[in-house]
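Read through the structure below, which is laid out as structure tokens, and then see the notes.
Nothing in this text is a laboratory measurement; each read-out follows from the coordinates by a stated rule. Please read these numbers as outputs of a predicted model, since none were measured by experiment. Note that we place each Cβ from the backbone using ideal geometry, even for glycine, and neighbour counts take in every protein chain shown.
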Amino acid sequence: AQTVTQSQPEMSVQEAETVTLSCTYDTSESNYYLFWYKQPPSRQMILVIRQEAYKQQNATENRFSVNFQKAAKSFSLKISDSQLGDTAMYFCAFMNRYYSGGGADGLTFGKGTHLIIQP
Amino acid sequence: EAGVTQSPTHLIKTRGQQVTLRCSPISGHTSVYWYQQALGLGLQFLLWYDEGEERNRGNFPPRFSGRQFPNYSSELNVNALELEDSALYLCASSLLYEQYFGPGTRLTVT
């Protein structure tokens, strides 16, 4: 079974600063995906960024980027030029990929990091 | 493009009752996933449906069940409700491996 650990229950930074959220995971699988999701107070889960395990290049989406260290099983999220709208719970998630039938399995989530952006 | 929709938004039930939650996936998505987000327990995977079949389930008792219809919409049924079933139930849909979530159904069991 997979486990995902987010060691920072809460973080607070000033607007425009850069912040890094940590995530480590444990798996014996070699083919998987990693994701960061954002859940604002409105509770709608929003996909922020994804990383395929077989890709060495770190994923980037505008102000969001990841540092994927496969050997260390680490997957941190960096948010640059943080904005007030970035205030939310951030969840790191893991997914196995099944080749035989296609598609992918359910997500395993970390406990989340509550990120607060201060004006 | 319309996102994942869920109904109802909120629900209050009494212990021992049964409840049905509904989910409509993004058009073209064939997989539907259900998750439970309970206070103190975090987000837990419940069920995965793809092409009308249950593909996998999380560590939940059999009183949690569901189905997927030919139009790929899905229902989650919970029988014999217990107080600890109070949670936000999230549905997600996917075509390949990215899962997109709906707004959730807040279930309160009293």
For B:T108 paired with A:S7, estimate the spin-label separation in nm (one decimal), with each label point 7 Å from Cα along the Cα-to-Cβ line. 3.9
Förster radius 22 Å - calculated FRET efficiency between B:T20 and A:Q44 (Cβ-Cβ, nearest 0.05): 0.50
Between A:E61 and B:A2, what is the spin-label point distance in nm, taking each point 7 Å from the Cα along the Cα→C-beta axis? 2.3
Projected label distance in nm at A:T20 and B:E51, using a 7 Å step from Cα toward the beta-carbon: 4.3
Please report how far the C-alpha centroid of the range A:7-30 lies from that of the range A:42-63, rounded to the nearest whole angstrom. 13
For the protein assembly as shown, what is the Kirkwood estimate of the hydrodynamic radius, computed as the reciprocal of the mean inverse distance between distinct Cα atoms, to one decimal in Å? 18.2
Within a Gaussian network of chain A (alpha carbon springs, distance under 10 Å), most fluctuating of A:A16, A:A88, A:A72: A:A72
How large is the charge dipole for the range A:3-118, taken about the Cα centre, if only the Cβ atoms of Lys, Arg (+1) and Asp, Glu (-1) carry charge, to the nearest 20 debye? 220
At a threshold of 8 angstrom on Cα-Cα distance, excluding pairs fewer than six apart, so keeping six or more, what relative contact order does the range A:3-118 reach in percent? 37
At 25 °C in a medium of viscosity 0.890 mPa s, the range A:3-118 has a Stokes-Einstein diffusion coefficient, with Rh taken as the Kirkwood radius over alpha carbon pairs, in µm² per second, of 170
Stretch gain in nm, segment B:E98-B:L83, where the contour uses 0.36 nm per residue and the Cα spacing is subtracted: 2.2 nm
Before anything else, pin down the relative contact order of chain B: Cα pairs under 8 Å, at least 6 apart, normalised by residue count, whole percent. 37
Summed side-chain charge close to A:I79 - residues other than A:I79 whose Cβ falls under 12 Å, Lys, Arg +1, Asp, Glu -1: -2
Find which of A:Y37, A:T3, A:L47 sits farthest along the positive direction of the dipole of chain A, computed with +1 on the beta-carbon of Lys and Arg, -1 on that of Asp and Glu, about the Cα centre. A:T3
